[in-house]
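**Q** Sharing a structure, written as structure tokens. Questions coming.
The values are calculated or read from the model by the stated rules, or taken from the named source; none is laboratory data. Source: prediction; values computed, not measured. Methodologically, a virtual Cβ is constructed for each residue, glycine included, from the backbone with ideal geometry; neighbour enumeration extends over all protein chains shown. Only protein heavy atoms, including side chains, enter the accessible area calculation; ligands, DNA and RNA are left aside. Shrake-Rupley method; radii C 1.70, N 1.55, O 1.52, S 1.80 Å.
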Amino acid sequence: MNVDWRRRAAAAVLVTAVALGGLVVIGDGIDPIALAVLAFCGFSVGWLATDVFAVVDSRMRGIADAPAAGPRRGGDMRTTRWSRRLGEIGRAGFDDSWLWRDLVQLVDDRLLRFHDIDRAADPAAAANVLGPRLATFVREPPPTRQFARRDYLDAIVTEIEDL
């Protein structure tokens, strides 16, 4: 259900009341219950068409749906892949470059989505929002030994979530 349902319902009640008042003034003998049912059906079909059109239009233009309301933590599917691959940290042959690239991409996504800042276009504004640790992190990957420390990764991920 659309988040605008309260506003839509209030508008429907107001329009129906005005229409009923107008019909009473001109002396039309319409049944108020029948008018309410007709108005409910008409508004429902109209809103369904509006919502469907918005979804189809966004898909045709390639625009992603708006993020769902609610907590930000865990809203990104990359975290599922990370949780599996993080178990490999410290093992022989572990390549941490994918993790750094993914985390930097997530930082860029969150900067753009929540702060409307493109890190490549405005690095000074991005550095102000990121803070010293994240700003250093996105500029260059930390040493492999530092990546192997869980407390370091936990602090980085927590700062990314707080963006």
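**Q** Hey, can you find the accessible area per residue of region 108-163 for me, probe 1.4 Å, expressed in square angstrom?
**A** Per residue, region 108-163 has an accessible area of 63 Å².
**Q** Still on this structure: Alpha carbon centre of region 95-163 versus region 1-44: separation in Å?
**A** 52 Å
**Q** What is the spin-label model distance, in nm, from residue 41 to residue 158 if the labels are put 7 Å beyond Cα along the C-beta direction?
**A** Placing both labels 7 Å beyond Cα along the Cβ direction yields 5.9 nm.
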